[in-house]
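Here is the structure we will look at, set down as C-alpha cells.
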Amino acid sequence: MTGMHTGHTPIRGNRGFQPEGQYPLPDSSLTIATLLRDHGYATGAFGKWGLGYPGSTGTPDKKGFDQFYGYNCQTLAHDYYPDHLWDNDKLVKLDGATYSADLIHRQALRFIDDNKGRPFFLFLAYTIPHAQLQVPHDSVYSNYLNQLHDSLHASFAAMVTRLDRYVGEVVEKLRARGLAGNTLILFSSDNGPHKEGGGDPAFFNSSGPFRGIKRDLYEGGIREPFIAYWPGKIKSHSTSDHPGAFWDLLPTFEEVAGIPLTKNIDGLSLLPIWEGRPAKQHEYFYWEFHENNGRQAVRYGKWKGVRLNVSTNTDAPIELYDLESDPGERRNIAGEHPEIVQSIKTFMAQAHQSNKDWPLLVTENPKP
C-alpha cells in the first residue's frame, strides 16, 4: 500500500486491538489508493483490511478508498460465517449462516458495474483459503470430498477452486462491460502456504521445491507466483525471472496511470518488464518478521541471507544460500563466503529503520 518494505513501514506485523482490528496506518502514510483517487480513479477494497481498527486513522475510507466491504480485522476474518462485516464505516449485521467470501465477491462485481464508465482501482483481498477451512457443502465441496476422502483436504481444495471461479467471474465481468483490453489484472498471494485450521502444505506439495511455509523467511514463505494479465499490452504466456516485491506496486501503478512517481520509497516500477523494456534492478531485497523471536532476510543477486532469533540473540548468525545452485536453501554456505555474509549484514543494518512501536532487534527491546 505504501511502496515501502517492512524495514521502513509504520506497520510491521499484526498487533490486535479490542474489540477488533489492528494497529493503524498513521495520517502521514500515503497509499496507492489515495494517489489514484486524487487522479480521478474510483477506488474500492473488498475482503480483508487489517490496517486500522474501526474509528482509527487507518480505516480504508481514510486511506484512499471510496468503498470498502468486508472484514476490518485480520483475526475475525478467520471465520467465514461471521455475525458482521463492514460497509465503509457502517457495521453490517449478518445471520452467522452466510458464507462471507461469496457475499464479498458479489459486492466487488457490483463495484465494476457501478464504475464501468471511469477509471477504477479495485483491490480484492480475498480471504480464501486462509486459516479455518470452511466452505459451503455445495457441489464443489462434494466433488472433492469424493476424491480426497477427508473433509479438511476436500475443504481446502474446494476453497482454492472457489477462488479460481471468483477470478474467472471478474475477468468475464470486465469482458462483458468492454473493459478487458484496458484493465490490468494482477494475481498473487501475500505469503506461503499455511497450516492453521488444518492446512496441510505437505499433502498438496504447496511449497514446491522451496523450503518453508507462511511466517518463514525462507523462499517457501515469501516467494510467490505473480500473474499479470493485460491483453494487447503483456505478451500472452510470457514469463520473467525479474525479481520483484509488493512494494514495487505503488510506482508500477503510478506509471501505468501516467501520474508522477512518488519519491523516497523502496519500490521500483515493474511496467518496463511487462512492456519488454529495460528495467531498474533492486540492489537487494529486505524482509523482517516480528514474531517467532524476530527474523530478517536479504536477497542479493543469487545470494540469500537469513537471520533468526534477532529479538533474543545479539549475535544471531546469518545463514547464507546460493539460490542458483540451491533454490531449496538446504546448504548453509556462510562459512565459505564471509565477504558476502558481511555485505548482507550491512544491508540488514541499512534497511532496518528502528521504530519504537515495532522493536525487532534485541538491542531495541525495552527493558522490563
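The values are calculated or read from the model by the stated rules, or taken from the named source; none is laboratory data. Fair warning: this is a prediction, and the values are worked out from it, not measured in the lab. Here the Cβ is made from the backbone with ideal geometry for all residues, glycine too, and neighbour counts use every protein chain on show. Accessible surface areas use protein heavy atoms only, side chains included; no ligands, DNA or RNA. Shrake-Rupley method; radii C 1.70, N 1.55, O 1.52, S 1.80 Å.
For Lys214, which of the numbered conditions (1) part of a helix (DSSP H, G or I); (2) free of Cβ contacts under 8 Å to residues at least 40 places away in the same chain; (3) of a type in the set (Lys, Arg) fails to hold?
Tallying (1) part of a helix (DSSP H, G or I); (2) free of Cβ contacts under 8 Å to residues at least 40 places away in the same chain; (3) of a type in the set (Lys, Arg), Lys214 fails exactly one: (1).
List every residue pair whose Cβ atoms sit under 6 Å apart, with the two residues 6 or more apart in sequence or on different chains, where the first one lies in the range 337-354 and is free of Cβ contacts under 8 Å to residues at least 40 places away in the same chain and the second, anywhere, is surrounded by fewer than 17 Cβ atoms within 10 Å (Cβ to Cβ) and not in a helix (DSSP H, G or I).
Ser354/Glu364
Checking Gly335 against (1) over 29 Å from Ile265 (Cβ atoms); (2) open to solvent by less than 20 Å² (accessible area, probe 1.4 Å); (3) assigned to a helix (DSSP H, G or I), which single condition isn't satisfied?
Result: Gly335 fails condition (2) only.
Cβ contacts < 6 Å: first residue closer than 21 Å to Tyr99 by Cα, restricted to the range 155-177; second residue in a helix (DSSP H, G or I), any location; separation 6+ or different chain. Result?
Taking only residues 6 or more apart or on different chains, the pairs are Ala157/Tyr144; Ala158/Val140; Ala158/Tyr141; Ala158/Tyr144; Thr161/Val140; Tyr166/His105.
Return the residue satisfying two criteria in turn: it lies in the range 192-209 and is among the charged types (D, E, K, R) and assigned to a loop (DSSP other than H, G, I, E, B), and of such residues it is modelled with the lowest pLDDT.
Lys195
Test Glu329 against the stated conditions and say whether it is at pLDDT 95 or above and open to solvent by less than 40 Å² (accessible area, probe 1.4 Å).
So Glu329 passes the test.
Please give the number of the condition Gly258 fails out of (1) modelled with pLDDT of 95 or more; (2) open to solvent by less than 60 Å² (accessible area, probe 1.4 Å).
That leaves (2) as the condition not met.
What's the number of the only condition in (1) more than 30 Å from Ser240 (Cα to Cα); (2) of a type outside the set (Phe, Trp, Tyr); (3) open to solvent by less than 30 Å² (accessible area, probe 1.4 Å) that Pro366 fails to meet?
Status for Pro366: all satisfied but (3).
When you scan the range 213-223, do you find a residue that is open to solvent by 50 Å² or more (accessible area, probe 1.4 Å) and among the hydroxyl-bearing types (Ser, Thr, Tyr), even just one?
no
This table checks each residue for (1) within 25 Å of Gln132 (Cα to Cα); (2) within 20 Å of the chain's Cα centre (by Cα); (3) not aromatic (Phe, Trp, Tyr).
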site	(1), (2), (3)
Gln18	yes, no, yes
Gly21	yes, yes, yes
Phe46	yes, yes, no
Asp61	no, yes, yes
Phe65	no, yes, no
Tyr80	yes, yes, no
Asp87	yes, no, yes
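Can you confirm whether Gly178 is surrounded by 15 or more Cβ atoms within 10 Å (Cβ to Cβ), closer than 29 Å to Trp274 by Cβ, at pLDDT 95 or above and of a type in the set (Gly, Ala, Ser)?
no
Would you confirm whether any residue within the range 161-169 is modelled with pLDDT under 95 and open to solvent by 40 Å² or more (accessible area, probe 1.4 Å)?
Among the residues of the range 161-169, not one is modelled with pLDDT under 95 and open to solvent by 40 Å² or more (accessible area, probe 1.4 Å), which makes the answer no.
What tally of residues in the range 26-36 results from selecting those that are farther than 19 Å from Asp248 by Cα and in contact (Cβ under 8 Å) with a residue 24 or more places away in the chain?
2
Considering the range 113-129 alone, what residues qualify as being open to solvent by less than 60 Å² (accessible area, probe 1.4 Å) and touching a Gly at 6+ places or on another chain (Cβ under 9 Å)?
Asn115, Phe120, Phe121, Leu122, Leu124, Ala125, Tyr126, Thr127, Pro129, listed by residue number.
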